[in-house]
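Asker: The structure follows.
All of the numbers you see were taken from the coordinates with simple rules; none came from a lab. The structure presented is a predicted model; accordingly, all values stated were derived computationally and were not measured. Note: ideal-geometry Cβ built from the backbone for every residue, glycine included; neighbour counts use all protein chains shown.
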Amino acid sequence: MRLDLELIQDTLIVRLSGDLDLGVADYLRDVLEDSLDRQPVKNLVFNLAGVSFVDSSVLGVLLGRYKRISRNGGKVCVVKPQPQVHRILELSGLLRIMAEFPGETDALENIG
Amino acid sequence: MRFINQMKLEFLSIPANVAFARVAVAAFASQIDYTLPDLEEIKVAVSEAVGNSIIHGYGNAPDRVVKVHAALTMDTLEIMVEDEGIGIEDIDKALEPAFSTDDERLGLGFMFMHSFMDSLQVDSAPGRGTVVKMSKRTGTGVTRIGTEQ
Ligand SMILES: Nc1ncnc2c1ncn2[C@@H]1O[C@H](COP(=O)(O)OP(=O)(O)O)[C@@H](O)[C@H]1O
Ligand SMILES: [Mg+2]
């Protein structure tokens with residue numbers, strides 16, 4: 001897994017790539033929680049364009065962050081998941097609560 | 001059912017082995033005619049089952065053993081994922097979508113296994129470990145292994 005974080009105004013962009021599974025779930029949760037603790041973040045964008053695999057362990061991490069952000073009135077969205085990842089997100093119901101955008105720019109425009 | 005190939009893996013119950021197991025099983029399965037989306041689905045099912053053995057079966061203890069057995073017929077993959085962990089008290093309940101004994105988790109593991117494989121069978125009892133058996137057919141039933149090009 002690779003992870004890159006960028007804060008643009010009050011939106012945290014989380015760029016993920018590689019395989020996301022139980023092996024990285026705890027680390028991902030810790031990094032995100034730490035980042036949300038350290039700075040004022042209103043919205044979250046998960047850029048999943050480079051993600052080749054997800055399982056339910058990682059969906060749990062995404063949903064946990066969704067709960068935290070939405071409790072504070074923010075929005076969470078996902079950018080450009082590959083077809084197999086899209087399918088999992090859809091089946092899990094996460095796409096009913098997180099909007100999906102074709103790029104970060106669209107996400108930022110729609111979220112703010 | 002005539003098997004044309006079989007394999008067994010045994011590995012420690014550490015999270016890094018979830019990726020090892022799914023990649024190994026997918027590579028094995030690709031000996032018969034699965035599409036790439038089929039192989040992706042097999043990977044998810046294996047990850048969920050192996051992850052469950054590690055997290056739930058062994059409570060994240062890193063020094064236990066998970067076994068994966070896979071077999072191929074001309075058009076079907078059978079997978080067995082086995083642990084000797086705590087076992088499942090109420091299997092019907094565990095199979096329900098969104099049921100989890102851990103609030104941090106979504107309870108979708110069995111739902112994914114069920115959706116992505118053609119059959120799913122769970123044998124488990126408290127204190128006696130868990131065996132998850134799954135199978136998936138290829139779409140076409142045509143195989144390349146052992147045939148002339
Ligand atoms: N190998 C296992 N050993 C013991 N309990 C298990 C095992 N696999 C699944 N379970 C039980 O079944 C429940 C549902 O599993 P699953 O659908 O994968 O959801 P989740 O892993 O998100 O909890 C788990 O919460 C756990 O209580
Ligand atoms: Mg699970």
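Asker: Looking at region A:90-112, is at least one residue in a helix (DSSP H, G or I), in contact (Cβ under 8 Å) with a residue 40 or more places away in the chain and either within 11 Å of chain B (Cβ to nearest Cβ) or charged (D, E, K, R) (or both)?
Answerer: yes
Asker: Residues of region A:47-62 being under 16 Å from B:Pro15 (Cα atoms) and away from ligand 2 (no atom under 15 Å from the Cβ), which ones?
Answerer: Passing the criteria: only A:Phe53.
Asker: In this structure, does A:Pro40 turn out to be of a type outside the set (S, T, N, Q), surrounded by 15 or more Cβ atoms within 10 Å (Cβ to Cβ) and either outside any helix (DSSP H, G or I) or more than 9 Å from chain B (Cβ to nearest Cβ) (or both)?
Answerer: For A:Pro40, the condition - of a type outside the set (S, T, N, Q), surrounded by 15 or more Cβ atoms within 10 Å (Cβ to Cβ) and either outside any helix (DSSP H, G or I) or more than 9 Å from chain B (Cβ to nearest Cβ) (or both) - is not met.
Asker: Which of the following residues is within 13 Å of ligand 1 (Cβ to nearest atom), farther than 20 Å from A:Val54 by Cβ and in contact with a strand residue (DSSP E or B) (Cβ under 8 Å, 6 or more places away or on another chain): B:Arg128, B:Arg137, B:Arg64? So that I can check it myself, show each step before the final result.
Answerer: Working: B:Arg128 fails: in contact with a strand residue (DSSP E or B) (Cβ under 8 Å, 6 or more places away or on another chain); B:Arg137 fails: within 13 Å of ligand 1 (Cβ to nearest atom).
It is B:Arg64.
Asker: With the condition being closer than 15 Å to B:Thr138 by Cβ and of a type in the set (A, V, I, L, M), I'd like the helices (runs of 4 or more DSSP H) fully within region B:1-104 carrying at least 2 qualifying residues.
Answerer: Correct list: B:16-29, B:36-52.
Asker: State which residue is nearest to ligand 2 (Cβ to nearest atom) when the search covers only region B:87-96 and only residues that are among the aliphatic types (A, V, I, L, M) and buried (at least 17 other Cβ atoms within 10 Å of the Cβ).
Answerer: Within region B:87-96, the match that is nearest to ligand 2 (Cβ to nearest atom) is B:Ala94.
Asker: Which condition number does B:Met111 fail, the rest of (1) assigned to a loop (DSSP other than H, G, I, E, B); (2) within 11 Å of ligand 2 (Cβ to nearest atom) being met?
Answerer: B:Met111 satisfies all of (1) assigned to a loop (DSSP other than H, G, I, E, B); (2) within 11 Å of ligand 2 (Cβ to nearest atom) except (1).
Asker: Any idea which residue in region A:25-37 is farthest from A:Gln9 (Cα to Cα), counting only those that are of a type in the set (D, E, K, R) and within 14 Å of chain B (Cβ to nearest Cβ)?
Answerer: Ranking the qualifying residues of region A:25-37, first place goes to A:Asp26.
Asker: Also, quick follow-up: Would you be able to say whether some residue in region B:40-60 is away from every other protein chain (no Cβ under 14 Å) and more than 8 Å from ligand 1 (Cβ to nearest atom)?
Answerer: no
Asker: Considering only residues that are within 16 Å of the chain's Cα centre (by Cα), surrounded by fewer than 22 Cβ atoms within 10 Å (Cβ to Cβ) and more than 8 Å from ligand 1 (Cβ to nearest atom), which ones fall in region B:97-119?
Answerer: Answer for region B:97-119, where residues must be within 16 Å of the chain's Cα centre (by Cα), surrounded by fewer than 22 Cβ atoms within 10 Å (Cβ to Cβ) and more than 8 Å from ligand 1 (Cβ to nearest atom): B:His114, B:Ser115, B:Asp118, B:Ser119.
Asker: When the residues of region A:49-72 are filtered to those that are of a type in the set (A, V, I, L, M), in a strand (DSSP E or B) and more than 16 Å from ligand 1 (Cβ to nearest atom), which remaining residue is nearest to the other protein chains (Cβ to nearest Cβ)?
Answerer: Of all residues in region A:49-72, those of a type in the set (A, V, I, L, M) come to A:49, A:51, A:54, A:58-59, A:61-63, A:69.
Still in the list and also in a strand (DSSP E or B): A:49, A:51, A:54.
Filter once more, so that each one left must be more than 16 Å from ligand 1 (Cβ to nearest atom): A:49, A:51.
Numbers: A:Ala49: 17, A:Val51: 12 Å.
In this case the residue turns out to be A:Val51.
Asker: Taking region B:49-77 as the search range and keeping residues that are of a type in the set (S, T, N, Q) and within 16 Å of ligand 2 (Cβ to nearest atom), which one is surrounded by the fewest Cβ atoms within 10 Å (Cβ to Cβ)?
Answerer: Checking each candidate, the answer is B:Asn60.
Asker: Go through the residues of region A:65-80 one by one and say whether even a single one is of a type outside the set (Phe, Trp, Tyr) and within 24 Å of B:Ala49 (Cα to Cα).
Answerer: No: zero hits.
Asker: Could you identify the single residue in B:Phe28, B:Phe11 that is surrounded by fewer than 21 Cβ atoms within 10 Å (Cβ to Cβ), within 14 Å of chain A (Cβ to nearest Cβ), aromatic (Phe, Trp, Tyr) and over 12 Å from the mean Cα position of the chain (by Cα)?
Answerer: B:Phe11
Asker: Now, a different point. Just to be sure before I move on: is B:Glu82 more than 14 Å from chain A (Cβ to nearest Cβ), acidic (Asp, Glu) and over 14 Å from the mean Cα position of the chain (by Cα) in the structure I sent?
Answerer: Here the answer is no, as B:Glu82 does not meet what is asked.
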